[in-house]
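J.: The structure is given below, and queries will be raised subsequently.
The values are calculated or read from the model by the stated rules, or taken from the named source; none is laboratory data. This one's a predicted model, so the numbers in the text were calculated from it and none came from an experiment. Positions of Cβ are backbone-derived with ideal geometry, glycine not excepted, and every protein chain shown enters the neighbour counts.
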Amino acid sequence: MDATLIDQGIDLLLYGMGTVFAFLTLLVAVTSLMSVIVNKLVVEVAPIAPVAIAPQSSVDPRIVKVIQAAIDQHRAS
Amino acid sequence: MDATLIDQGIDLLLYGMGTVFAFLTLLVAVTSLMSVIVNKLVVEVAPIAPVAIAPQSSVDPRIVKVIQAAIDQHRAS
Amino acid sequence: MDATLIDQGIDLLLYGMGTVFAFLTLLVAVTSLMSVIVNKLVVEVAPIAPVAIAPQSSVDPRIVKVIQAAIDQHRAS
Amino acid sequence: MDQFYSLWMSSGIMQMQAGQLIMMVVGLVLLYLAIGKGFEPLLLVPIGFGTILANIPGAGFDAAPVYNALGTMESPGGLLYYVYHGGIETGLFPLIIFMGVGAMTDFGPLLANPKTLLLGAAAQVGIFVTVLGAVALGHFGILDFSIREAASIGIIGGADGPTAIFVTSKLAPDLLGAIAVAAYSYMALVPIIQPPIMRALTTDAERKIKMHQLRPVSKAERIVFPLSLLVLVALLLPDAAPLLGMFCFGNLMRESGVVNRLSDTTQNALINIVTIFLGLGVGSKMSAEKFLNPETMGILLLGAVAFCIGTASGVIMAKVMNRFSKEQINPLIGAAGVSAVPMAARVANKVGLEANPQNFLLMHAMGPNVAGVIGSAVAAGVMINLVSGM
Amino acid sequence: MDQFYSLWMSSGIMQMQAGQLIMMVVGLVLLYLAIGKGFEPLLLVPIGFGTILANIPGAGFDAAPVYNALGTMESPGGLLYYVYHGGIETGLFPLIIFMGVGAMTDFGPLLANPKTLLLGAAAQVGIFVTVLGAVALGHFGILDFSIREAASIGIIGGADGPTAIFVTSKLAPDLLGAIAVAAYSYMALVPIIQPPIMRALTTDAERKIKMHQLRPVSKAERIVFPLSLLVLVALLLPDAAPLLGMFCFGNLMRESGVVNRLSDTTQNALINIVTIFLGLGVGSKMSAEKFLNPETMGILLLGAVAFCIGTASGVIMAKVMNRFSKEQINPLIGAAGVSAVPMAARVANKVGLEANPQNFLLMHAMGPNVAGVIGSAVAAGVMINLVSGM
Amino acid sequence: MDQFYSLWMSSGIMQMQAGQLIMMVVGLVLLYLAIGKGFEPLLLVPIGFGTILANIPGAGFDAAPVYNALGTMESPGGLLYYVYHGGIETGLFPLIIFMGVGAMTDFGPLLANPKTLLLGAAAQVGIFVTVLGAVALGHFGILDFSIREAASIGIIGGADGPTAIFVTSKLAPDLLGAIAVAAYSYMALVPIIQPPIMRALTTDAERKIKMHQLRPVSKAERIVFPLSLLVLVALLLPDAAPLLGMFCFGNLMRESGVVNRLSDTTQNALINIVTIFLGLGVGSKMSAEKFLNPETMGILLLGAVAFCIGTASGVIMAKVMNRFSKEQINPLIGAAGVSAVPMAARVANKVGLEANPQNFLLMHAMGPNVAGVIGSAVAAGVMINLVSGM
Ligand code: NA
Ligand code: NA
Ligand code: NA
């Protein structure tokens, strides 16, 4: 019975640490992969963001349009 | 049984909506009445309030009294 | 039984108030003693405190040392 | 190697059933809607996460505790088991949430214009028509709902999450997951569902109606109102008393001004704690056998119908009222009668501004909006009373 | 029309008994006292509201849950049922409140002048004399109180709400409503009840006595005091240990300075949440058959007597102490020994200022004031011990 | 005089057993360590106080409630009884704490350098070696631990209080007091235990290794990480799902940014309330017969061994990783893999600064530090699974 107890302890050590290492190694892989994928997706989506934020610039976009039109007219002339 | 189910549904619709409308219509009346009564009571009590708030004016009430007294004297003279 | 009830009430009054007074009188003694002991211990420990607080003075202690050394030298000369 | 084999056999992959996997995906979708799309995140984040937790095979999140013959615990229950049976089955969590909602509710606009209570009444038509729809689906052999289930489905149209959870946990607990998800999803979809209906049922002239500024409401009125409502409920509709009683209690704490520290805690720590566990507990009812079936599709469909009818009824009621009254109401605020506070009021405001950029309807729409909360709580009370007797 | 008939028959009006109606009015009166008159609103708002809720016929706020033979819930209990049985019958809520009160209590003034503990002891005479009064009423056949009920009534004189609730829920739960209401009402009436007694028992010269400024109290003393009190209680009076143990725990969290986040939560979110539910739970015991009877009149009367005797005893004790000590105590602070923190201390200060506008007694009165909390908890412990053995 | 005799016979002095007196001293020592020495006061103040309360003879803090044959309560249970059976035996308190810890955890450093997860794995060697040591003590007839007890003792090496309490309450509740005290004491001793080991196992050159600045981590990564971890746990290790599930839930609430009010309450009011009662409940298991025995000495000894081995394994793992990777890791941050957040990371930083005053390791050490939390939760899951099958 005592011998069994030690066997159980050894089993716990081997299978326990084995599982902990296996799981966290897998988590390293999954996390790294996740970061790559997520950041790729975010970059692809990103171009939209600056545009969405644009109206927050202190110059009214309609005024920008007017100025742009004036410049265009000037260049055309 | 199915027919009963539909009957039950119709009953729910009629008696349910009936009750909802009756209750909320009554609540309209009760609320309106309550507001009238409460505000009437508050108005009766109100005259105290402005007096209580008066000292918050930037001019000291005792100075107001003094000025008032001076004005009265001036008019009397 | 009624008589017993009154007896019980009297018992409660006597033993109850007796205990309350005994306990709180003891607490007066214990608290006073505690304050004396604790404050004595704190005073013994206290000398460390001012030193620990010292660096909070606006003058750097190393500069104080340098000045002190200069003064000592001056006096010695 | 036995141990690895045993670990492997007890792993999620080996135990997973198709249904559980799909439900975990459903949980992730709910989280995406909540976080990515901003759908009622306060509830859908906990519900979505609870869905995933409840469907992890072997994790025992909704396992019941096991006691031996002496009453000593042999193995504890799962967290979601305790949350569901302690807070949802007992009805405590929805009631505490209602107390918190009461403490957050400003009845000022409603008191300034009590007629808007009728809009909150009208919008409950959606509830009862949907009940009829649900039993009709049964009649035509398409789906099979009992009257208790039909009543719970209808309450989705009340656009009030805790009310829906309270009613469903009493009448049809097996549908709790589907109904709560439908209720909160549609509440989040208010800005998409309502405007087309509102525009279809109103003329441009109606949408441009400007309403008089609301009169100021005295502190005394605000204090007496929850008590008046409570007394009326007590006298006439005791089945609505649990929900409306706690609602009025929260509101009285708010308005009385003498228990601000209790009111603050009710509006913050307490409602937040209960919201977290309410959501997790609802998630625990999102099991494959209860969610992945044709009934859920029916529930989602009927819920949408209920919402639409409720919106339409509110708008139409406003138009009817305009017939009989000199003081004109902008019918857009009728749509706010479904409740979904304060989203529906904001939608009314937004659609109103489209028609007339100077027409601010927000405060006017808050009246029917909170009236909708009262209306659906009343509808819930009637429903529980009538259905229990059937 | 059956449905309308059934709805009408289940309405409050049709089911209402006279007693329930009167109790709802009692609840409204309590709310008026709390909101309109500022009587201990933190407790009387929830108690008053709970009274109304508990007396709504058919609302089932204090209904017990029904389980079938398999242990599955058939119908959930009411909110007040769970609150009362979960938090009050178990004694948990009063104990948590005591922890919060401990975390809010500053023992500095008491530590600077420990003799004032005796004032807190003397003021408990009111408790025990009232017990005697209650049994005397029985003896003369006027009312019928058992010794357990008499003990619970006496504790009103302790002027400490949670202590009264704790003792009563153990000894005479049927009287809980009446005793809690009496305790909190009299605590609110301290500014009216105490001054005449204080003036009658003191000379103008005594009321003008100026007290020395209190010495500063070190942090170490503040930390060691709750532990000393705890050890003393543990050695001598274990029956007082639940109340005083939690009180000392709260105070140690406060004074230790190392668990400020726990202390903050104890003083705010936790005590607020428990206060709300404690009040509602007490309200659930305010039923007509338990409240509308001659005993309640007796309880209110005896409670007032207890308060007056406690106040008088505190003042007289201060005068006795002045006989035997060179350092004179202003006897007005003896009245603060009833506890009712911090109201009684403020009253002592106010009456003192009337006699001598330069004489600030507030901090001096805080000593006997918190001593009164300890005193009544000790009295509660003795009472529970002695009465349980009778 | 009977009454005084009865009071005296029921006093603590007359009932006190030697063991209870010693345990009260143990409680005071824990309070001294917490308040005087700053040892993990958030837990040790409640545990120490709970120890004193539980050992007051006659106070009944952990008495079970007594019901009569009809199911009516005859006498209520003690506060600690309800706390222990309601919150610890059920596992609820550790799980809620884990949710709060998740809401407080910043996975940024870990996401910037996921390899540090391996350091968090390595540091769990201490857990399992200690289990072996505990059974070896049994083998040599020195002490007598079952495999369940040995597993619970090993988990002390995880340096994570709630994990230790969760595992022990499932596998060996009788040891709960000793193991919780050991776990929190050693966590507090991290600044004393770890540095010598760290210095002994590293060269001066290694301690001077400078690490690259961590890359910024996007919000999206932070949101997806807890979900990835949850899915992985669900698929592979359902026994770790309760702890890690709640941990991920807390973290998702934090990072999602859409439920800030829930996240705030989780990090403040909720975790504070639960911490108070968790500590008190653990204290209730500190009885003489369960604590004052040779096994406790063995537990304290083995716990220290577990801590040392864990620290050493983390450091050695870092050195091994440096062999196989071009990008060098400062091996000091390996010691942070035991968790004990954030103390162990601070210790790594401090020892690093001693070697090179320009070398700031704090953020780098936070990666293995939070990895250690995951690692010990995984170890706990494996342990519960394997031991339950033995
Ligand atoms: Na509604
Ligand atoms: Na008192
Ligand atoms: Na760890």
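J.: When you scan segment D:343-354, do you find a residue that is within 14 Å of chain B (Cβ to nearest Cβ) and away from ligand 2 (no atom under 16 Å from the Cβ), even just one? Walk me through how you get there before you give the answer.
T.: Going through segment D:343-354, the residues within 14 Å of chain B (Cβ to nearest Cβ) turn out to be none.
No, because not a single residue in segment D:343-354 is within 14 Å of chain B (Cβ to nearest Cβ) and away from ligand 2 (no atom under 16 Å from the Cβ).
J.: A further question follows. Is it fair to say F:N349 is farther than 27 Å from F:L229 by Cα and either within 16 Å of ligand 1 (Cβ to nearest atom) or not in a helix (DSSP H, G or I) (or both)?
T.: On the way: farther than 27 Å from F:L229 by Cα: yes; either within 16 Å of ligand 1 (Cβ to nearest atom) or not in a helix (DSSP H, G or I) (or both): no.
Spelling it out, it is not the case that F:N349 is farther than 27 Å from F:L229 by Cα and either within 16 Å of ligand 1 (Cβ to nearest atom) or not in a helix (DSSP H, G or I) (or both).
J.: Among the candidates F:I384, F:I316, single out the residue that is over 30 Å from F:P238 (Cβ atoms) and within 14 Å of another protein chain (Cβ to nearest Cβ). So that I can check it myself, show each step before the final result.
T.: Details: F:I384 fails: over 30 Å from F:P238 (Cβ atoms).
Within the list F:I384, F:I316, the selection yields F:I316.
J.: Applying the selection to segment B:1-16, what residues are more than 8 Å from chain D (Cβ to nearest Cβ) and modelled with pLDDT under 90? Before you say what the answer is, go through the steps one by one.
T.: The first filter runs over segment B:1-16 and keeps only residues more than 8 Å from chain D (Cβ to nearest Cβ), leaving B:1, B:4, B:7, B:14.
Once the filter is applied, which keeps residues that are more than 8 Å from chain D (Cβ to nearest Cβ) and modelled with pLDDT under 90, segment B:1-16 yields B:M1, B:T4, B:D7.
J.: Please tell me if D:M383 is away from ligand 1 (no atom under 16 Å from the Cβ), on the phi < 0 side of the Ramachandran plot and not basic (K, R). Give the steps one after another, and end with the answer.
T.: On the way: away from ligand 1 (no atom under 16 Å from the Cβ): no; on the phi < 0 side of the Ramachandran plot: yes; not basic (K, R): yes.
The answer is no for D:M383.
J.: Filter the helices (runs of 4 or more DSSP H) completely within segment D:114-178 down to those with at least 2 residues that are more than 14 Å from ligand 1 (Cβ to nearest atom) and hydrophobic (A, V, I, L, M, F, W, C).
T.: In segment D:114-178, the matching helices (runs of 4 or more DSSP H) lie at D:125-139, D:147-154.
J.: Could I ask something else about it? Can you name the number of the only condition in (1) in contact (Cβ under 8 Å) with a residue 12 or more places away in the chain; (2) within 11 Å of chain E (Cβ to nearest Cβ); (3) surrounded by fewer than 20 Cβ atoms within 10 Å (Cβ to Cβ) that D:R199 fails?
T.: Of (1) in contact (Cβ under 8 Å) with a residue 12 or more places away in the chain; (2) within 11 Å of chain E (Cβ to nearest Cβ); (3) surrounded by fewer than 20 Cβ atoms within 10 Å (Cβ to Cβ), only one is false for D:R199: (2).
J.: Among the numbered criteria (1) of a type in the set (A, V, I, L, M); (2) farther than 30 Å from D:P242 by Cβ; (3) at pLDDT below 90, which one does E:I155 miss?
T.: Every listed condition holds for E:I155 apart from (3).
J.: If I filter segment F:325-341 down to residues being within 9 Å of ligand 3 (Cβ to nearest atom) and within 14 Å of chain A (Cβ to nearest Cβ), which single residue comes out as farthest from the chain's Cα centre (by Cα)?
T.: Selected residue: F:G337.
J.: Still on this structure, I have one more. Return yes when D:I299 is assigned to a helix (DSSP H, G or I) and either within 14 Å of ligand 1 (Cβ to nearest atom) or within 14 Å of another protein chain (Cβ to nearest Cβ) (or both) and no when it is not.
T.: On the way: assigned to a helix (DSSP H, G or I): yes; either within 14 Å of ligand 1 (Cβ to nearest atom) or within 14 Å of another protein chain (Cβ to nearest Cβ) (or both): no.
The answer is no for D:I299.
J.: Moving on. Which of the residues belonging to segment E:278-289 are surrounded by fewer than 24 Cβ atoms within 10 Å (Cβ to Cβ) and either within 12 Å of chain D (Cβ to nearest Cβ) or within 16 Å of the chain's Cα centre (by Cα) (or both)? Steps first, answer last, please.
T.: Within segment E:278-289, the first condition is being surrounded by fewer than 24 Cβ atoms within 10 Å (Cβ to Cβ), and the residues that meet it are E:287-289.
Hits for segment E:278-289: nothing passes.
J.: State whether the residues of segment F:352-359 include one that is closer than 19 Å to F:G154 by Cβ and either in contact (Cβ under 8 Å) with a residue 60 or more places away in the chain or in contact with a helix residue (DSSP H, G or I) (Cβ under 7 Å, 6 or more places away or on another chain) (or both). Give the derivation first.
T.: Here is the first cut: in segment F:352-359, the ones closer than 19 Å to F:G154 by Cβ are none.
Checked against the condition, which is being closer than 19 Å to F:G154 by Cβ and either in contact (Cβ under 8 Å) with a residue 60 or more places away in the chain or in contact with a helix residue (DSSP H, G or I) (Cβ under 7 Å, 6 or more places away or on another chain) (or both), segment F:352-359 yields no hits at all.
J.: For segment D:56-83, how many residues meet the condition of being facing chain F (nearest Cβ under 8 Å) and either part of a loop (DSSP other than H, G, I, E, B) or touching a Cys at 6+ places or on another chain (Cβ under 8 Å) (or both)?
T.: Residues that pass the stated criteria total 10.
J.: Quick check: is even one residue across segment D:25-32 in a helix (DSSP H, G or I), buried (at least 18 other Cβ atoms within 10 Å of the Cβ), within 10 Å of another protein chain (Cβ to nearest Cβ) and in contact (Cβ under 8 Å) with a residue 60 or more places away in the chain?
T.: Initial filter on segment D:25-32 (in a helix (DSSP H, G or I)): D:25-32.
So of that shortlist, the ones also buried (at least 18 other Cβ atoms within 10 Å of the Cβ) come out as D:26-27, D:30-31.
Next, only the ones that are within 10 Å of another protein chain (Cβ to nearest Cβ) stay: D:27, D:31.
When the remaining residues are screened for being in contact (Cβ under 8 Å) with a residue 60 or more places away in the chain, the result is D:27.
Yes, because at least one residue in segment D:25-32 is in a helix (DSSP H, G or I), buried (at least 18 other Cβ atoms within 10 Å of the Cβ), within 10 Å of another protein chain (Cβ to nearest Cβ) and in contact (Cβ under 8 Å) with a residue 60 or more places away in the chain.
J.: Here is a follow-up. Just for segment D:60-78: of the residues that are hydrophobic (A, V, I, L, M, F, W, C) and in contact with a Gly (Cβ under 7 Å, 6 or more places away or on another chain), which one is surrounded by the most Cβ atoms within 10 Å (Cβ to Cβ)?
T.: The initial filter retains those residues of segment D:60-78 that are hydrophobic (A, V, I, L, M, F, W, C), namely D:61, D:63-64, D:66, D:69-70, D:73.
Checking which are in contact with a Gly (Cβ under 7 Å, 6 or more places away or on another chain) leaves us with D:61, D:63-64.
Details: D:F61: 26, D:A63: 15, D:A64: 14.
Only one residue fits best here, namely D:F61.
J.: Something else about it: Filtering segment F:124-155 down to residues that are within 12 Å of ligand 3 (Cβ to nearest atom) and more than 10 Å from chain A (Cβ to nearest Cβ), which residue is farthest from F:V378 (Cα to Cα)?
T.: First, pick out the residues of segment F:124-155 that are within 12 Å of ligand 3 (Cβ to nearest atom): F:124-127, F:154-155.
Next, only the ones that are more than 10 Å from chain A (Cβ to nearest Cβ) stay: F:126, F:155.
Values: F:G126: 14, F:I155: 11 Å.
Looking at the filtered set, the residue picked out is F:G126.
J.: Of everything in segment D:204-227, what is under 24 Å from the mean Cα position of the chain (by Cα) and closer than 25 Å to D:I333 by Cα? Give them in sequence order. Before the answer, list the steps.
T.: Our first condition is that a residue be under 24 Å from the mean Cα position of the chain (by Cα); within segment D:204-227, this holds for D:225-227.
Residues satisfying the conditions are D:F225, D:P226.
For every residue, the table says whether it meets (1) within 14 Å of chain A (Cβ to nearest Cβ); (2) in contact (Cβ under 8 Å) with a residue 12 or more places away in the chain; (3) away from ligand 3 (no atom under 16 Å from the Cβ); (4) touching a His at 6+ places or on another chain (Cβ under 6 Å).
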residue: F:G157; (1), (2), (3), (4): yes, yes, no, no
residue: F:D160; (1), (2), (3), (4): yes, yes, no, no
residue: F:A164; (1), (2), (3), (4): no, yes, no, no
residue: F:G177; (1), (2), (3), (4): no, yes, yes, no
residue: F:S185; (1), (2), (3), (4): no, yes, no, no
residue: F:V190; (1), (2), (3), (4): no, yes, no, no
residue: F:M211; (1), (2), (3), (4): no, yes, yes, yes
residue: F:V217; (1), (2), (3), (4): yes, yes, yes, no
residue: F:P226; (1), (2), (3), (4): yes, yes, yes, no
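J.: Still on this structure, I have one more. Of the conditions (1) away from chain A (no Cβ under 12 Å); (2) assigned to a helix (DSSP H, G or I); (3) at pLDDT 90 or above, F:I309 clears all except one; give me its number.
T.: Failed condition: (1).
J.: Moving on. Condition test on D:T90, is it modelled with pLDDT under 95, in a helix (DSSP H, G or I) and either at the interface with another protein chain (Cβ under 10 Å from one of its Cβ atoms) or within 16 Å of ligand 3 (Cβ to nearest atom) (or both)? Working first, answer last.
T.: Details: modelled with pLDDT under 95: yes; in a helix (DSSP H, G or I): no; either at the interface with another protein chain (Cβ under 10 Å from one of its Cβ atoms) or within 16 Å of ligand 3 (Cβ to nearest atom) (or both): yes.
No; evaluated as a whole, the condition is false for this residue.
J.: Also: Please tell me if D:S313 is more than 16 Å from ligand 1 (Cβ to nearest atom) and of a type in the set (S, T, N, Q). So that I can check it myself, show each step before the final result.
T.: Values: more than 16 Å from ligand 1 (Cβ to nearest atom): no; of a type in the set (S, T, N, Q): yes.
It is false that D:S313 is more than 16 Å from ligand 1 (Cβ to nearest atom) and of a type in the set (S, T, N, Q).
J.: How many residues are in contact (Cβ under 8 Å) with a residue 24 or more places away in the chain and over 21 Å from D:G158 (Cα atoms) when one looks only at segment D:292-318?
T.: Quick first cut of segment D:292-318, residues in contact (Cβ under 8 Å) with a residue 24 or more places away in the chain only: D:292, D:294-296, D:298-300, D:302-318.
If we keep only those that are over 21 Å from D:G158 (Cα atoms) as well, we get D:292, D:294.
Residues that pass the stated criteria total 2.
J.: Still on this structure, please answer the following. When both residues are 6+ apart or on different chains and their Cβ atoms are under 6 Å apart, which pairs have a first residue that lies in segment D:234-263 and is closer than 20 Å to E:G281 by Cα, and a second that is not in a helix (DSSP H, G or I)?
T.: D:A234/E:I56; D:P238/E:I56; D:P238/E:G58; D:P238/E:A59; D:A241/E:I56; D:A241/E:A59; D:N251/D:T105; D:M253/D:V259
J.: Test of understanding: among E:I192, E:I197, E:I179, which residue is modelled with pLDDT of 90 or more and within 10 Å of the chain's Cα centre (by Cα)?
T.: Working: E:I192 fails: within 10 Å of the chain's Cα centre (by Cα); E:I197 fails: within 10 Å of the chain's Cα centre (by Cα).
Selected residue: E:I179, the only one of E:I192, E:I197, E:I179 that is modelled with pLDDT of 90 or more and within 10 Å of the chain's Cα centre (by Cα).
J.: Hand me the list of helices (runs of 4 or more DSSP H) wholly inside segment F:205-268 holding 2 or more residues that are in contact with a Gly (Cβ under 7 Å, 6 or more places away or on another chain). Before the answer, list the steps.
T.: Numbers: elements: F:219-236, F:241-256, F:260-265.
Once the helices (runs of 4 or more DSSP H) in segment F:205-268 are filtered for at least 2 residues that are in contact with a Gly (Cβ under 7 Å, 6 or more places away or on another chain), what remains is F:219-236, F:241-256.
J.: Another question about this same structure. Return the residues of segment E:342-366 that are within 23 Å of E:G102 (Cβ to Cβ), surrounded by fewer than 22 Cβ atoms within 10 Å (Cβ to Cβ) and in contact with a Gly (Cβ under 9 Å, 6 or more places away or on another chain); say none if nothing qualifies.
T.: Result: E:L362, E:M363.
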